[in-house]
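In what follows, a single structure is set out as structure tokens and then discussed.
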Amino acid sequence: MSSIFEESNNINGPNGGEGDQDDSDSESSEEEVSWIAWFVNLRGNEFFAEVDEDYIQDDFNLTNLNTMVPYYDLALDLILDADTDIDTMPEDKQEIVETAAEVLYGLIHARYILTSKGMLYMYEKFQSADFGRCPRTYCQGQPVLPVGLSDLPRNYSVNVFCPRCQEIYYPRSSKHANIDGAYFGTTFSNLFLLQNPDLIPPTPQQAYVPRIYGFRINSESLFYSKREASSTPSSSPPSRGKQSRMSSGNGGAKAQKETQAGSRSQSQQNSTPAGVGGVPASTPVQGGGSKQSSKDPASASQTSGTSSLHP
């Protein structure tokens, strides 16, 4: 009997061990995920789409990115799960390479979501409101789209754009506050709506009206005038040179007006009759500068003859 048990143990032992080893290998193979899938499924990275490796392996799609990301080759190998010696590097350098891989994937992601496959992936996320909803009350929970304020990294964090009110807001969740806006770019949200015009909702007609005890606030009160004054840009005073030119111009215009007034008063005095035989005191000047009195036909005829001689 003992020999039978020994034979059964000898038979079942290796087979059992091999079975356990096969199970562990299958579990480890199932647990192995690509770097892209691991990064996208991280908490706080719900906005990201899973970029196809074929798109990343095309060098044309990565043009000029090597000038924007340090350790570009190592970061690219890490994204594509290529064999790298990153484990043998010092810890500080490993952190730099891992950060560079995240930045590189984000910049690739901004280009990928402009393609047809990327748009389809983002369409599904938009339909399920994975990017959140508009916080404005009258937008009635409108799903939003991620948008960046710059195409260059490390300038602005990601914002969300509401297609209904056409305003941008901070993401509702604080875990999305550290995502760089360049990973989505300034083009995606607008191009997405142009390619899917059926998703453009009508503009809300309702607007909030401030009230106190049920009465509307007077539009001429400080509640509104203070805001209008702060929103209106203050006009800067003119420079010294401009002021001097304005003052000199005003002085010259004033002097010119005074000269014209003096000349008019002088002409009025000259045109006043002297009282001697009813003949005006002013005598005509050849060349026709002053008007002749209509009471002296002789002088008028003489003037007309002189002017005809000197056209």
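Readers should treat all values here as calculations from the given coordinates under stated rules, not as data from a laboratory. What you are looking at is a predicted structure, and each value in this text was computed from that prediction instead of being measured. Ideal geometry is used to build each Cβ from the backbone, glycine not excepted, and the neighbour counts take in all protein chains shown.
A few notes on this one:
- Peptide ranges 206-212, 34-40, 74-80 listed from the most packed, as the mean C-beta count within 10 angstrom indicates: 74-80, 34-40, 206-212
- The packing ranking of peptides 109-119, 58-68, highest mean first, is 109-119, 58-68, where packing means the average number of other beta carbon atoms within 10 angstrom of each residue.
- The stretch 63-116 - Kirkwood radius from inverse mean 1/r over Cα pairs (Å): 11.6
- Translational diffusion of the stretch 53-181, µm² s⁻¹ [Kirkwood Rh, Cα pairs; Stokes-Einstein; 25 °C; 0.890 mPa s]: 149
- Near Asp58: Cβ cut-off under 12 Å, other residues only, Lys/Arg at +1 and Asp/Glu at -1. The net charge is -3.
- Other residues within the sphere of radius under 13 Å centred on the Cβ of Val147, judged by their own Cβ, net out at -3 (K and R +1, D and E -1).
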